[in-house]
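K.L.:
Sharing a structure, written as structure tokens. Questions coming.
The values are calculated or read from the model by the stated rules, or taken from the named source; none is laboratory data. Note that the coordinates shown come from a computational prediction; the quantities given were computed from them, not determined experimentally. Cβ atoms come from the backbone with ideal geometry, glycine included; neighbour counts cover every protein chain shown. Side chains included, ligands, DNA and RNA excluded: accessible areas come from the protein's heavy atoms. Shrake-Rupley method; radii C 1.70, N 1.55, O 1.52, S 1.80 Å.
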Protein chains: 4
Amino acid sequence: MKNSAILLLRCPDRKGLDAAIADFIYWHGGDILHFEQHQAGEERFYLARVEWDLEGFEFDLKDFPKWFAPIAEEFSIRWRITRSHYRPRVAILVSKYDHCLVDLLYRQRIGELACEIPLMISNHPDAKRHADFHDIPFHLIPVTKESKPEAERWQIELLRQNNIELVVLARYMQVLSREFIEQYPQQIINIHHSFLPAFVGAKPHQQAFDRGVKIIGATAHYVTEVLDDGPIIEQAVARISHRDTIEDLVQKGRDLEKVVLSRAVRWHIENRILLYGNKTVIFE
Amino acid sequence: MKNSAILLLRCPDRKGLDAAIADFIYWHGGDILHFEQHQAGEERFYLARVEWDLEGFEFDLKDFPKWFAPIAEEFSIRWRITRSHYRPRVAILVSKYDHCLVDLLYRQRIGELACEIPLMISNHPDAKRHADFHDIPFHLIPVTKESKPEAERWQIELLRQNNIELVVLARYMQVLSREFIEQYPQQIINIHHSFLPAFVGAKPHQQAFDRGVKIIGATAHYVTEVLDDGPIIEQAVARISHRDTIEDLVQKGRDLEKVVLSRAVRWHIENRILLYGNKTVIFE
Amino acid sequence: MKNSAILLLRCPDRKGLDAAIADFIYWHGGDILHFEQHQAGEERFYLARVEWDLEGFEFDLKDFPKWFAPIAEEFSIRWRITRSHYRPRVAILVSKYDHCLVDLLYRQRIGELACEIPLMISNHPDAKRHADFHDIPFHLIPVTKESKPEAERWQIELLRQNNIELVVLARYMQVLSREFIEQYPQQIINIHHSFLPAFVGAKPHQQAFDRGVKIIGATAHYVTEVLDDGPIIEQAVARISHRDTIEDLVQKGRDLEKVVLSRAVRWHIENRILLYGNKTVIFE
Amino acid sequence: MKNSAILLLRCPDRKGLDAAIADFIYWHGGDILHFEQHQAGEERFYLARVEWDLEGFEFDLKDFPKWFAPIAEEFSIRWRITRSHYRPRVAILVSKYDHCLVDLLYRQRIGELACEIPLMISNHPDAKRHADFHDIPFHLIPVTKESKPEAERWQIELLRQNNIELVVLARYMQVLSREFIEQYPQQIINIHHSFLPAFVGAKPHQQAFDRGVKIIGATAHYVTEVLDDGPIIEQAVARISHRDTIEDLVQKGRDLEKVVLSRAVRWHIENRILLYGNKTVIFE
């Protein structure tokens, strides 16, 4: 298995950027495997993802900040680096509907999602059997209107103790508070069971049914303070017809949600997502 | 080419409906080619489309109302009948963007759309060359805020003179008045360049671009008094990515709009669409 | 939950068929919920699926053959009847890849697949843990070239003992013998990981990769004596690009296979599939 | 409108390639707008597309070969350069079915296809009216089994006189000879009305209908000596059901063919296609 470094970069575009980055890696002995860049918007904001083989690379990645500092400063680059080997620590929050949960656990087990899942939290006891089957610590934290602040403190405490880097809301039916969200900026992914921005909020399948659309969707997005308004990571759709009942929509929706959420999680943990304003750039 | 009758029916469901309809056709010598029914909603409202061969059918279709009256009355059926041979008269209204227009004209010419197009109206002169190429009478009716009532009177006059049965808004950029719409209930089809109900109103591609969606769409719907709110007939979508500019969205959108609008028009002229509340039932 | 009867019919088309069937049900007190028919091919072979509410129906379904005999004889109808309540008995055969297996078990558990699964057979021990999790009897039957006849005898014995009505090959990697197949005509569903008829046989993902296709697929079909040649029940596809490795194809393929196979199984157990020659008619 | 250079490169991968290319452009004053590379296969064959702004670039592109020679030699790079302004000269060959032709002409007229179309050749007179409408020189060259060599000589003569760089077979129903094809390597694009490699050769819709597939497709590919076997550029698919007749397949196929062929042509004339073995790499 390859041992490579993945560097994500963001900065205003300037002549010579690609050359400066490629040169830096080359002169330090790195062999570039992938180089993808994008210049977003009319002002051509520069976003890039570079991956290089660490075989023969001449310094340790923990010294990267020091070595890269002059270039980062010259071009005002904000960057993040990881090793391809690194498996981020992911927590799953779930309520009663467990299709996304079961799907994520399966994909993680067979190696499709290269992450650790050291923590599952639910406000219902039902999901525990899946946690047990996959040997994942499970915490039941019931949430009522009154207990919510206390419940969130407990949740955040667990996330911290487990050094969680990504929180996945796998059909977790509670709205998180602003305080919670602010502690995990661009680190909480939610699945909404509609084609956003259509059918924001509660009961999107019922809304879709009532409006008589011919196609339904699902949307994975980063969670921000405004409900269902964060940067969209991935969407998928399925055709429906007048024959489909609400139950049919729910069933077709499940297949969409599983695929969309798992893809968003995979892109996140593989460091393929950069933000530009309220939009995502996905380096597939 | 087959010579058949197409009967559309709507009524509250009651035991024996299918039998009564199939019997009626059979006892009068009709050979049923297609029989499709749907029971909509929890109250099971009955909607059906029946097509039968007129070879050997024992009375002329102009006498159908008389013969069918007892059954229609017994079951409170609202119905509409046409011959498969019949080619409805369609008018196209268009502004500057002519991709849907050119597409509709081509499909009509090669026989994909079994209708007459005796009338084209535009508020711009550009489309005239296409009307000329296809030998379709063209009327230039400019529309300003002031002249709109007068323009609409002229338009309606033309529709009447030409016995128009369906008005297709092929990217016609003027909002029709309530008075206009009321005269053509469920007889005006519009194409909206978004996946409704997302991005209602002006500049849907810009709205989609700004929101950062990963999929764009197009929607054909019957025009009602509320903008972009009428019964949806057909929708289609296409994937986009961060690489796509507004111009790319517009281009991808054109392909969606052509397919979606032409499909809606075809289903309408082939008598495949029934309304139930604000929703369409499509008997494909 | 509704208590209804589902009748599937096949016969040469003749005037009066729809009327005869609808009448029969009506006169015996049945309230038709769905009536869908199709006339296949130029000779208009008649295929239909009728579902009616048994509330108020005047005889027991076990007497249906007797009562329906005159009509069946008159029109040379071959038919099959079941109650909507009935849950057919399904066996799953699986090898090492367990994504389809896990998917089917999950769907059955949450009620998406209305069947019993009293039997799982595998030539590898790995799947046993999933059988245990879902309390399904599991039989390990290793298969070598030499032991195959003996293994098949054992398999068939198990299928018989368990009164199995449908055999699902959920990525079961052994080719069944003609003798096995003949005992379960139109009762064995296989998933092939290509868009048939492209890439028949072994390693379809490798074949697709080598050919450089831009779209991959999966196909669920009834098993017949000729490999990968039986009637196609369902297919689905996904886009790929030059960036996708064989492993990416395998991963994207998994999502297709799960959806396609489960849909085929669902249509089969809901009595929605009729055969006409080597083709399927799906009454969705 | 931007004035940029587009450079396509192919060579065995070697450490420092990205740096060498980016450096070269930067040191000569070029501002890189897009840089996309791909390392194909296990041997990591390097393919790249670089676009840079010519504003401030210090030498004329006609001197590019001279300046780039040292790098090209060092890395054994095969390359091709064009200006974004350049509009390649395209000939369209067509027979009776004119949907792809009309579609291509429309897209060219509205600017979606940035090319010149100075030549149309057909073995039927029907397409002439479209050529006239778009002011494109039209040549009728009938082809019989006997006249084919003579017809091809005439065709090639016309292609030469018009300095044609790309030949588009827009449902041209004659098989080109090996001699013809060899003169335009990777410069002839064909549309085949099936999802290749399924249904090679004649009457693919009939083949698809007979096999009972649930999805049909269309494939644009470069023409090579082996029929329907050249590198695939683009494919698209559409669902069909048992209700669809051959005519329905043909109609649905038309929409696929138009989209697929026009996309392939656009990618070709925008220099987005590189070949690696018998496969295409598309830099979208």
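K.L.:
Could you list, in sequence order, the residues of the stretch B:74-112 that are open to solvent by less than 10 Å² (accessible area, probe 1.4 Å) and either touching a residue at least 60 places away in the same chain (Cβ under 8 Å) or over 18 Å from B:VAL167 (Cβ atoms) (or both)?
P.N.:
Of the residues in the stretch B:74-112, the ones open to solvent by less than 10 Å² (accessible area, probe 1.4 Å) are B:90-95, B:99-101, B:104-105, B:107.
Correct list: B:VAL90, B:ALA91, B:ILE92, B:LEU93, B:VAL94, B:SER95, B:HIS99, B:CYS100, B:LEU101, B:LEU104, B:ARG107.
K.L.:
Quick check, is C:GLU247 within 14 Å of chain D (Cβ to nearest Cβ), of a type outside the set (Gly, Ala, Ser) and surrounded by fewer than 16 Cβ atoms within 10 Å (Cβ to Cβ)?
P.N.:
Numbers: within 14 Å of chain D (Cβ to nearest Cβ): yes; of a type outside the set (Gly, Ala, Ser): yes; surrounded by fewer than 16 Cβ atoms within 10 Å (Cβ to Cβ): yes.
Yes: the conditions hold for C:GLU247.
K.L.:
Conditions first: (1) crowded, with 19+ Cβ neighbours inside 10 Å; (2) away from chain B (no Cβ under 14 Å). A:LEU227 passes all but one, so which condition is the exception?
P.N.:
(1)
K.L.:
Take B:GLY16 and decide whether it is touching a residue at least 12 places away in the same chain (Cβ under 8 Å), closer than 19 Å to C:GLY16 by Cα and within 13 Å of chain C (Cβ to nearest Cβ).
P.N.:
Answer is no for this residue.
K.L.:
Of the residues that make up the stretch A:254-269, is at least one among the β-branched types (Val, Ile, Thr), at the interface with another protein chain (Cβ under 10 Å from one of its Cβ atoms) and over 25 Å from B:LEU275 (Cα atoms)?
P.N.:
The answer is yes, given that some residue of the stretch A:254-269 is among the β-branched types (Val, Ile, Thr), at the interface with another protein chain (Cβ under 10 Å from one of its Cβ atoms) and over 25 Å from B:LEU275 (Cα atoms).
K.L.:
A further question on this structure: In the stretch D:70-161, which strands (runs of 3 or more DSSP E) lie fully inside it and hold 2 or more residues that are basic (Lys, Arg)?
P.N.:
D:78-83
K.L.:
Would you mind stating whether A:ILE25 is buried (at least 18 other Cβ atoms within 10 Å of the Cβ), out of contact with any His (no Cβ under 6 Å at 6 or more places or on another chain) and in a helix (DSSP H, G or I)?
P.N.:
yes
Residue-by-condition table, conditions (1) among the charged types (D, E, K, R); (2) over 21 Å from A:ALA208 (Cβ atoms):
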residue: B:ARG211; (1), (2): yes, no
residue: B:ILE215; (1), (2): no, no
residue: B:HIS221; (1), (2): no, no
residue: B:LEU227; (1), (2): no, no
residue: B:VAL237; (1), (2): no, no
residue: B:ARG243; (1), (2): yes, yes
residue: B:GLU247; (1), (2): yes, yes
residue: B:GLN251; (1), (2): no, yes
residue: B:ARG263; (1), (2): yes, no
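K.L.:
Still on this structure: Just one of (1) open to solvent by 50 Å² or more (accessible area, probe 1.4 Å); (2) in contact (Cβ under 8 Å) with a residue 12 or more places away in the chain trips up B:LEU159, so point out which.
P.N.:
(1)
K.L.:
Residue check: is C:ILE188 within 17 Å of the chain's Cα centre (by Cα), touching a residue at least 40 places away in the same chain (Cβ under 8 Å) and open to solvent by less than 20 Å² (accessible area, probe 1.4 Å)?
P.N.:
Answer is no for this residue.
K.L.:
Considering each of C:ASP31, C:ASP18 in turn, give the residue that is crowded, with 20+ Cβ neighbours inside 10 Å and within 19 Å of D:HIS242 (Cβ to Cβ).
P.N.:
Result of the check over C:ASP31, C:ASP18: C:ASP18.
K.L.:
Now, a different point. Considering only residues of the stretch A:25-38 that are more than 22 Å from the chain's Cα centre (by Cα) and in contact (Cβ under 8 Å) with a residue 12 or more places away in the chain, which is farthest from the other protein chains (Cβ to nearest Cβ)?
P.N.:
A:HIS28
K.L.:
Suppose we filter D:ALA238, D:ALA264, D:ALA220, D:ALA202 for residues that are surrounded by fewer than 22 Cβ atoms within 10 Å (Cβ to Cβ), among the small types (Gly, Ala, Ser) and modelled with pLDDT of 95 or more; which single one remains?
P.N.:
D:ALA238
K.L.:
Considering only residues that are of a type in the set (Val, Ile, Thr) and surrounded by 21 or more Cβ atoms within 10 Å (Cβ to Cβ), which ones fall in the stretch A:113-142?
P.N.:
Passing the criteria: A:ILE117, A:ILE121.
K.L.:
Still on this structure: Please determine whether any residue of the stretch B:1-13 is buried (at least 18 other Cβ atoms within 10 Å of the Cβ), touching a residue at least 12 places away in the same chain (Cβ under 8 Å) and assigned to a helix (DSSP H, G or I).
P.N.:
No: the stretch B:1-13 contains no residue that is buried (at least 18 other Cβ atoms within 10 Å of the Cβ), touching a residue at least 12 places away in the same chain (Cβ under 8 Å) and assigned to a helix (DSSP H, G or I).
K.L.:
Assigned to a helix (DSSP H, G or I) and on the phi < 0 side of the Ramachandran plot: does that describe A:ASP255?
P.N.:
It is true that A:ASP255 is assigned to a helix (DSSP H, G or I) and on the phi < 0 side of the Ramachandran plot.
K.L.:
Since B:TYR46 meets every condition but one in (1) at the interface with chain C (Cβ under 8 Å from one of its Cβ atoms); (2) not in a helix (DSSP H, G or I), which condition does it not meet?
P.N.:
(1)
K.L.:
Before we move on, is A:LYS279 facing another protein chain (nearest Cβ under 8 Å) and either open to solvent by 50 Å² or more (accessible area, probe 1.4 Å) or within 26 Å of B:ARG243 (Cβ to Cβ) (or both)?
P.N.:
yes
K.L.:
Kindly evaluate B:LEU274 against the criterion of being at pLDDT 95 or above, assigned to a helix (DSSP H, G or I) and surrounded by 21 or more Cβ atoms within 10 Å (Cβ to Cβ).
P.N.:
Taking the combined requirement at face value, the residue does not satisfy it.
K.L.:
Condition first: more than 14 Å from chain A (Cβ to nearest Cβ) and within 19 Å of the chain's Cα centre (by Cα). Can you find one or more residues in the stretch B:192-207 that meet it?
P.N.:
Yes, that holds for at least one residue.
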